[in-house]
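Visitor: Sharing a structure here in structure tokens format.
The numbers here are math on the coordinates, done by the rules we state, and not lab data. Note that this is a predicted model, so its numbers are computed, not measured. We place every Cβ from the backbone using ideal geometry, glycine too, and count neighbours over all the protein chains shown.
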Amino acid sequence: MSLNATCALICERGMALRVGVVRDDRYLLHQPGLVHPERPDRLKGIYKMLDADFDGRLLTIPPELATLEQLELVHSPNYVRKVLKTAERTFTNLAPDTAASSQSYLAAYLAVGGCIKGFQALLSGRCDVCFAFIRPPGHHAQRNRAGGFCLFNNLAVTARYAMARHGLRSILIVDWDIHHGNGIQDIFYEEKEVLYFSTHFRGWYPQTGDWEEAGEGEGLGYTVNVLLPKDVTDDDMLCLYSRTLEPIVTRYRPEAILIAAGFDAHHLDPLGKTQLTEKCFGGLTQLLLELWDAAARPPLLLALEGGYDVTALVACVKEVMDVLTATGPGSRSSWPVSEKGLELFEKACHIHRQFGVWID
């Protein structure tokens, strides 16, 4: 069944979801440089599309600044102060690829705070799903340092907040950015309270996330890395995700699902192109909605990560928003079967059966 046919069928049988979006023009104040890939135009394009195509259909959730207490759930006090001190200079290099302007700290505090505010809206029932359109991105940021265009680890702080403030003990983080989220992995590598599932291309930054990196101690088996070939297609991804995420969700029974929603795997992206089109991300969103529904609808938060061709990024986000706003979970879809997708799934199973976390 095609994605459009699936959406039409579910639209007939399901209720439309209440979709929240976190957005704020202050995210545009982060200015890493005129030729830097992670530029304000990314969000400008998304916001323009949302206003043109989804006016009146979304709940806008204004962000608030993250508190020091929240940031220090993940980051060291010295590092938080280091980011704050960038306000004293016009331009600061926090890492070779990660720069900050005098207002970047404000955007970074709001990026974390926006994810937390979106999560709170989900817990309160104000919306069913939420997409945080924020910058700077976060999944590469580590406890003590920036990297990969990321200042604070937005989703890691949100997960820690959910654990510390609301007592959650099983959080699934799905990372479909083409670059491995080394920051998220490192932060939760020895913990079973967060299961991190990432698909990425091993040859790109940060050259981490090999198949055998599966966690340590109590976290052994709770990190799942799948290395993608550069010629991966939409059908390969949908096959892989449908086969892998269903047992993960069924066995792990997440109390919250967080999505590191990067779109740099698109075939037009200058930093991470594969063979994927924007249709893939609509399909992944539909799959997640079905699994979310089967899991009794825990909080489902998406947060923007990569995606550096503005046209491709906007097209991908539109596909995701079309699925979120036009459908509600209903009958189960029939997902494609591909030889490459099955090979990737079987390799993940081969590595992880010994741990017994999501596959025996």
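Visitor: For the residues Met15, Met49, what sequence is obtained by ranking on other C-beta atoms within 10 Å, fewest first? Don't skip to the answer; put the middle values down first.
Guide: On the way: Met15 11, Met49 16.
Least crowded to most crowded, the residues run Met15, Met49.
Visitor: I've got another one for you. Among Ser124, Pro336, Phe355, which residue has its Cα positioned farthest towards the positive end of the charge dipole of the chain, with +1 placed on the Cβ of Lys and Arg, -1 on the Cβ of Asp and Glu, and the dipole taken about the Cα centre?
Guide: Ser124
Visitor: Starting with the fewest neighbours, write out Ile248, Ile171 ranked by other beta-carbon atoms found within 10 Å of each beta-carbon. Can you show the working numbers first?
Guide: Numbers: Ile248 22, Ile171 25.
With the fewest neighbours first, Ile248, Ile171 line up as Ile248, Ile171.
Visitor: Have a look at Gly203, Gly33, Leu227 and report the one farthest towards the positive end of the charge dipole of the chain, computed about the Cα centre with Cβ charges (Lys/Arg +1, Asp/Glu -1).
Guide: Value computed over the given set: Gly33.
Visitor: Could you tell me which label, among (i) 0.93; (ii) 1.05; (iii) 1.19, carries the value of Rg/Rh (Cα atoms, Kirkwood Rh) calculated for this structure?
Guide: Working out Rg/Rh (Cα atoms, Kirkwood Rh) from the coordinates points to (i).
Visitor: To the nearest 20 debye, what is the magnitude of the charge dipole of the stretch 166-206 about its Cα centre, counting +1 on the Cβ of each Lys and Arg and -1 on the Cβ of each Asp and Glu?
Guide: Details: 3 positive and 6 negative charges, 20 e Å.
Roughly 100 debye, rounded to the nearest 20.
Visitor: Given points 7 Å out from each Cα along the Cα-Cβ axis, report the Ser102 to Arg202 separation in nanometres with one decimal.
Guide: In this crude spin-label approximation the distance works out to 4.7 nm.
Visitor: List the pairs from Lys82/Lys279; Lys44/Lys273; Lys318/Lys340; Lys117/Lys318; Lys230/Lys318; Lys192/Lys347 whose alpha-carbon separation is above 30 Å, in the order I gave them. Could you put the intermediate results ahead of the total?
Guide: Details: Lys82/Lys279 40 Å; Lys44/Lys273 22 Å; Lys318/Lys340 27 Å; Lys117/Lys318 22 Å; Lys230/Lys318 24 Å; Lys192/Lys347 22 Å.
Listed pairs above 30 Å: Lys82/Lys279.
Visitor: Which ordering of Tyr205, Tyr27, Tyr161 is given by a fewest-first count of other beta-carbon atoms within 10 Å?
Guide: Details: Tyr205 18, Tyr27 26, Tyr161 23.
Result, fewest neighbours first: Tyr205, Tyr161, Tyr27.
Visitor: Just to confirm my numbers, what's the Cα centroid distance between the stretch 199-229 and the stretch 332-359 in Å?
Guide: 15
Visitor: Among the DSSP beta bridges whose two residues both lie in the stretch 3-352, what percent are antiparallel, rounded to the nearest 5? Display every interim value, and only then the final one.
Guide: Values: 5 of 37 bridges.
Antiparallel bridges make up about 15 percent of those DSSP assigns within the stretch 3-352.
Visitor: Using Cα pairs closer than 8 Å and at least 6 residues apart in sequence, work out the relative contact order for the chain, in percent. Each step should come with its number before you reach the end.
Guide: Values: 810 pairs, mean separation 74.2, N = 360.
That works out to 21 percent.
Visitor: What's the FRET efficiency of Arg126 with Lys85 using the Cβ-Cβ distance as r and R₀ = 30 Å, to the nearest 0.05?
Guide: Details: r = 35 Å, r/R0 = 1.18.
That gives a FRET efficiency of 0.25.
Visitor: To the nearest Å, what is the center-to-center distance of the stretch 238-260 and the stretch 115-167, using C-alpha atoms only?
Guide: Each part's Cα centre sits 19 Å from the other's.
Visitor: Only four residue types carry charge here, +1 at the Cβ of Lys and Arg and -1 at the Cβ of Asp and Glu. Report the dipole size of the stretch 276-328 about the Cα centre in Debye, rounded to the nearest 20. It would help to have the intermediate numbers written out before the result.
Guide: On the way: 3 positive and 7 negative charges, 19 e Å.
In total the dipole reaches around 100 debye.
Visitor: Using unit Cβ charges (K, R positive; D, E negative) and no other charged atoms, how large, in debye to the nearest 20, is the dipole of the stretch 3-352 about its Cα centre?
Guide: About 900 debye.
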